Amino acid sequence: MDAVIEGGFTDRVLGAQSVFRATMDALARPGTVQSIASDAAPPAPLTQELGALALTLCDQDTLVWLDPVLASSEAVTGWLAFHCGAPLTADPSQAQFALVTEARHLPKLDVLGQGTDEYPDRSTTVVLAAAAGTQRVTLKGPGIKNRLDTELPLPGGDFLAQWADNRERFPRGIDILIVRDGALVALPRTTRISEA
Amino acid sequence: MYVAVKGGEAAIANAHRLLADRRRGDRNVPALRIEQIIEQLGLAVDRAMGEGSLYDRELAALALIQARGDLIEAIFLVRAYRTTLPRFGYSRPIDTGEMKIERRISATYKDLPGGQLLGPTFDYTHRLLDPSIAEGGAVDTPVARDSEPERAPRVTDLLGHEGLTEDDVNEPQDEIGDLTREPMEFPLSRDRRLQALARGDEGFLLALGYSTQRGYGRSHPFVGEIRIGEVEVELDIPEFGFAVNLGRIRVTECQMVNKFKGNAKVPPQFTRGYGLVFGQAERKAMAMSLCDRSLRARELGEDVNHPAQDEEFVISHSDNVQSTGFVEHLKLPHYVDFQGELGLLREMRAEHEAEAGDDAYPEAAE
Amino acid sequence: MNVAAYNFAYLDEQTKRMIRRAILKAIAVPGYQVPFASREMPMPYGWGTGGVQITASIIGPEDVLKVIDQGADDTTNAVSIRAFFAKVANVAVTTHTAEASIIQTRHRIPERTLTEGQVLVYQVPIPEPLRYLEPRETETRKMHALEEYGLMHVKLYEDIAKHGRIATTYAYPVKVEGRYVMDPSPTPKFDNPKMHMSEALQLFGAGREKRIYAVPPYTEVVSLDFEDHPFEIQHFEEPCALCGATGVYLDEVILDDHGGHMFVCSDTDNCEDRREHGHRGTLAGHALEAAE
């Protein structure tokens, strides 16, 4: 029971404010690394960063999709229920947020909520905990002055091709927040990614 | 200059101090107390609660005093407070069929089960100013009922039994919307529309309802029933497994019954317009039910030709807190934009004069 | 009677989360108006409730807030909003553009170029650029979805046919990142070029109309125009009478009832800063007293 009721932000108002502000800055400047260090302490396998973002953005009004690892953990679902109160969905296309612990659990981007041409905001925001390792890429798009050459912990496989399709669907499409080691990098649907 | 280059803060503080003074008025006259407003200006309190959409007589009375009797300002105060309140849950639908009735009239039946009860109404009063009120004269105690009133089923339930009136619920849904917690999206579901109407400005809805009677979207209305009284509010508590009674609230309900010629799917029948408002607010409930029926035009396959039938028009402009804010914002400085327009106008006038040359202003010669 | 105490920055946490989610979507889809469940605020609709809700949702104890109305820090509504945040969020406030991390504005963009890390929050009365051409939300939403902006071009072209020019001086429509036509709020068109590729994040809040939209930093913002009638900003014949600045937006101040007037900076902070650095206009010194 203690694991459930503990582990929220000590200061829930300012804790959420600082994580949100970093997230906003990250989306406004795609590819830049923003600190989301906090004292959130969710139960494993929910990482601290995933937990902090859930506390900041999810509540009764948001449908959340959990990857199979998270969905099968009672400690995690109990903690999320207590601290966020967010209803869960098994259908990623309905989710406002998808919490993903590993890139291999990331659904294909086109099965997530894309929004509609009239309401492109009704789409899924993915929060992905990244593994070690990075990939050299070049980013272009709103929020980026000219171009940004950087190394990002992106999912492997055909992710870049999927992302290019996601970009094509604009204004529909998903946005991704990638978290690791108390930091966050955001990729809004407007960002073009190419291999450096 | 009201935009003092320095000292805006002091000017605002002084203005508010003066406002407080004017609100209080002559200090030799006793200050109003909350109980006096609740007891003696009860219908103003009801309107502030209804359009403020917060059932709290004391806060509404406080708002009325603070607003110097300006109803829209009082409603605004109540709303701004309401928005900060946490939600503990959503009550069960109230059952107006079980209402403890103080007034109940029907215009469609001479007599009906439960009877006609006039209650505390202005109807049939002769509108003659009464000097005895100014003198604080004694008021007779009212006549009480001898016995418990008999059950008074809603008229629409009586009509419904013959299949002549449409059913209560023709739009089944799991969840009731809440316009104060979600963005508005047209077309609205009827629950959201009714919420907007219940919060809407009495004067605006009254005028729209009146317009339908004068032919701008005629709806052939009859007052099926108006009832005013107290109903119980119950809250389901999942942990207990049963509903808890939170207390009683006074509401006014109006069921308007409207002739309807039917369409391909539905046989001719009476359709309904619905009004439900906090407190005793009969005019508002009637206006609301007229507007509700008009706004069902599209649903019932009627032509949408008139203002009262136009959902976007009616709902976008029915909220007096929104309306007053935007109308009154014209008081704020706009000199930056005005400067832009001045500049444009000067340019265009100069061009106009150059083009007109000697023929400028021929009308001056006439 | 039990009147509750208020949360940090006034709004409750659930409301802030709702607004924050809308802000993130707005940044992800530049120029698109995200519907949000705007709350009733303790100031009237039309007086900056959208901007106030955005500021309240992003502001933290580290922030330094500047509030301007018509370019000035000391206009009554700016004073009132600044005092509100000083009270409910206990944040530092400033009038200096360079020192502010958040600038809430009505009708102007500061003259000083905004820098990376700054957030400009606009108060927006009518967020829909197509509203005066088509009053129905159901219709304008379709037009944005289909990128059908012909009506706007027709309107601007009619202006040219009738007046020989585009007769829009403020709230001049822009296209963001080549996709959405957006209302820049009633800023004078003079300010439109400042939105283009700005280093600052620009957030727009319309409380009564329940919309939030955004322009991320380094984003293309182009004022609509025609090849034969290119977009032009206003030019003033004379410099600021107080600081001598040219190439800034000026207010016309009436000095007497014989037509006497002078032009002074609308951006009061910029004007003061210039005067502190020794710049003088023709009427510096006695002008302010004369104006009052």
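The values are calculated or read from the model by the stated rules, or taken from the named source; none is laboratory data. Since this is a predicted model, take the numbers as computed values, not measurements. In this analysis, Cβ positions are derived from the backbone assuming ideal geometry, glycine residues included, and neighbour counts consider all displayed protein chains.
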- Query: Counting just the residues of segment A:141-157 that are at pLDDT 95 or above, more than 10 Å from every other protein chain (Cβ to nearest Cβ) and surrounded by fewer than 17 Cβ atoms within 10 Å (Cβ to Cβ), which one comes out farthest from residue A:103 (Cα to Cα)?
  - Reply: A:147
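Regarding residue B:40, is this residue away from chain C (no Cβ under 14 Å), in contact with a helix residue (DSSP H, G or I) (Cβ under 9 Å, 6 or more places away or on another chain) and without any contact (Cβ under 8 Å) to a residue 12 or more places away in the chain? Step through it out loud before you land on a result.
On the way: away from chain C (no Cβ under 14 Å): yes; in contact with a helix residue (DSSP H, G or I) (Cβ under 9 Å, 6 or more places away or on another chain): no; without any contact (Cβ under 8 Å) to a residue 12 or more places away in the chain: yes.
No: the conditions fail for residue B:40.
Just the residues that are within 14 Å of another protein chain (Cβ to nearest Cβ) and either within 27 Å of residue A:51 (Cα to Cα) or at pLDDT below 95 (or both), please, taken from segment A:164-182. Write out each step before concluding.
The initial filter retains those residues of segment A:164-182 that are within 14 Å of another protein chain (Cβ to nearest Cβ), namely A:166-177.
Hits for segment A:164-182 are A:166, A:172, A:173, A:174, A:175, A:176, A:177.
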- Note on the structure: Taking segment B:103-135 and keeping residues under 20 Å from residue B:253 (Cβ atoms), modelled with pLDDT of 90 or more and among the polar types (S, T, N, Q) leaves B:106, B:116, B:121
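Could you go through segment C:19-29 and let me know if any residue there is of a type outside the set (D, E, K, R) and outside any helix (DSSP H, G or I). Write out each step before concluding.
Step one: filter segment C:19-29 for residues of a type outside the set (D, E, K, R), giving C:19, C:22-24, C:26-29.
Of the ones still in play, those that are also outside any helix (DSSP H, G or I) are C:29.
Yes, segment C:19-29 contains a residue that is of a type outside the set (D, E, K, R) and outside any helix (DSSP H, G or I).
Would you mention how many residues in segment B:244-288 are of a type in the set (Lys, Arg), assigned to a strand (DSSP E or B), in contact with a helix residue (DSSP H, G or I) (Cβ under 9 Å, 6 or more places away or on another chain) and within 20 Å of residue B:54 (Cβ to Cβ)? Steps first, answer last, please.
Let us first name the residues in segment B:244-288 that are of a type in the set (Lys, Arg), namely B:248, B:250, B:259, B:261, B:265, B:272, B:283-284.
Now restrict to residues that are assigned to a strand (DSSP E or B): B:248, B:250, B:259, B:272.
Filter once more, keeping what is in contact with a helix residue (DSSP H, G or I) (Cβ under 9 Å, 6 or more places away or on another chain): B:250, B:272.
Remaining after also requiring within 20 Å of residue B:54 (Cβ to Cβ): B:250.
Qualifying residue count, segment B:244-288: 1.
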- Candidates C:74, C:69, filtered to the one that is in contact with a Pro (Cβ under 9 Å, 6 or more places away or on another chain), among the acidic types (Asp, Glu) and within 30 Å of residue C:252 (Cβ to Cβ): C:69
- Query: Could you list, in sequence order, the residues of segment B:110-120 that are more than 23 Å from the chain's Cα centre (by Cα), surrounded by 14 or more Cβ atoms within 10 Å (Cβ to Cβ) and assigned to a loop (DSSP other than H, G, I, E, B)?
  - Reply: B:112, B:114, B:116
- Quick count over segment C:146-163, residues being closer than 23 Å to residue C:205 by Cβ and within 14 Å of chain B (Cβ to nearest Cβ), is 0
- Any hit, segment C:118-125, residues being part of a loop (DSSP other than H, G, I, E, B) and either touching a Gly at 6+ places or on another chain (Cβ under 6 Å) or within 14 Å of chain B (Cβ to nearest Cβ) (or both): yes
- When you look at residue C:83, is it buried (at least 24 other Cβ atoms within 10 Å of the Cβ), at the interface with another protein chain (Cβ under 10 Å from one of its Cβ atoms) and not in a loop (DSSP other than H, G, I, E, B), yes or no? no
- Determine whether segment C:125-148 contains at least one residue that is aromatic (Phe, Trp, Tyr) and crowded, with 18+ Cβ neighbours inside 10 Å. no
- Task: Hey, could you check segment C:164-189 for residues that are within 13 Å of chain B (Cβ to nearest Cβ) and of a type in the set (A, V, I, L, M, F, W, C) and say which is surrounded by the most Cβ atoms within 10 Å (Cβ to Cβ)?
- Result: C:166
- Message: Six or more apart or on different chains, Cβ atoms under 8 Å: show the pairs whose first residue is in segment B:78-102 and in a helix (DSSP H, G or I) and whose second is exposed (fewer than 12 other Cβ atoms within 10 Å of the Cβ).
- Response: B:81/C:3
- Listed residues B:82, B:57, B:33; which is closer than 30 Å to residue B:151 by Cβ, within 14 Å of another protein chain (Cβ to nearest Cβ), out of contact with any Pro (no Cβ under 6 Å at 6 or more places or on another chain) and of a type outside the set (Gly, Ala, Ser)? B:57
- Return only the number of the condition from (1) within 22 Å of the chain's Cα centre (by Cα); (2) modelled with pLDDT of 95 or more; (3) acidic (Asp, Glu) that residue B:26 does not satisfy. (1)
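Is at least one residue of segment B:267-279 out of contact with any strand residue (DSSP E or B) (no Cβ under 7 Å at 6 or more places or on another chain), more than 26 Å from residue B:250 (Cβ to Cβ), without any contact (Cβ under 8 Å) to a residue 24 or more places away in the chain and not assigned by TED's automatic domain parsing to the domain that holds residue B:76?
Of all residues in segment B:267-279, those out of contact with any strand residue (DSSP E or B) (no Cβ under 7 Å at 6 or more places or on another chain) come to B:267.
Of the ones still in play, those that are also more than 26 Å from residue B:250 (Cβ to Cβ) are B:267.
Now narrow it down to the ones that are without any contact (Cβ under 8 Å) to a residue 24 or more places away in the chain: B:267.
Then keep just the ones that are not assigned by TED's automatic domain parsing to the domain that holds residue B:76; that gives B:267.
Within segment B:267-279, one or more residues are out of contact with any strand residue (DSSP E or B) (no Cβ under 7 Å at 6 or more places or on another chain), more than 26 Å from residue B:250 (Cβ to Cβ), without any contact (Cβ under 8 Å) to a residue 24 or more places away in the chain and not assigned by TED's automatic domain parsing to the domain that holds residue B:76.
Can you tell me which residue among C:243, C:265 is more than 29 Å from residue C:45 (Cβ to Cβ), touching a His at 6+ places or on another chain (Cβ under 6 Å) and buried (at least 18 other Cβ atoms within 10 Å of the Cβ)?
Values: C:265 fails: touching a His at 6+ places or on another chain (Cβ under 6 Å).
After applying the criteria, what remains is C:243.
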- Query: Among all residue pairs at least 6 apart or on different chains, which show Cβ distances below 8 Å where the first residue, located in segment C:236-247, is β-branched (Val, Ile, Thr) and the second is part of a loop (DSSP other than H, G, I, E, B)?
  - Reply: C:246/C:236; C:246/C:239; C:246/C:240
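Can you pull out the residues in segment B:313-337 that are within 9 Å of chain C (Cβ to nearest Cβ) and over 17 Å from the mean Cα position of the chain (by Cα)? Break it down stepwise before answering.
Taking segment B:313-337 and keeping what is within 9 Å of chain C (Cβ to nearest Cβ), we get B:313, B:316, B:319, B:321-330, B:332-337.
Of everything in segment B:313-337, those that are within 9 Å of chain C (Cβ to nearest Cβ) and over 17 Å from the mean Cα position of the chain (by Cα) turn out to be B:326, B:327, B:328, B:329, B:330, B:332, B:333, B:334, B:335, B:336, B:337.
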- Note on the structure: Across segment A:8-31, the tally of residues that are surrounded by 20 or more Cβ atoms within 10 Å (Cβ to Cβ) and farther than 20 Å from residue C:57 by Cβ stands at 2
- Item | Answer residue from segment B:307-366, given it is in contact with a helix residue (DSSP H, G or I) (Cβ under 8 Å, 6 or more places away or on another chain) and closer than 30 Å to residue C:263 by Cα and is modelled with the lowest pLDDT among those | B:360
- Quick one: in segment B:84-101, which of the residues that are at pLDDT 90 or above and of a type in the set (Ser, Thr, Tyr) is surrounded by the fewest Cβ atoms within 10 Å (Cβ to Cβ)? B:91
- Message: Among (1) within 8 Å of another protein chain (Cβ to nearest Cβ); (2) over 14 Å from the mean Cα position of the chain (by Cα); (3) crowded, with 24+ Cβ neighbours inside 10 Å, there is one condition residue C:71 misses while meeting the rest; what is its number?
- Response: (2)
- Filtering segment A:112-138 down to residues that are among the polar types (S, T, N, Q), more than 15 Å from residue A:165 (Cβ to Cβ) and over 13 Å from the mean Cα position of the chain (by Cα), which residue is nearest to the other protein chains (Cβ to nearest Cβ)? A:116
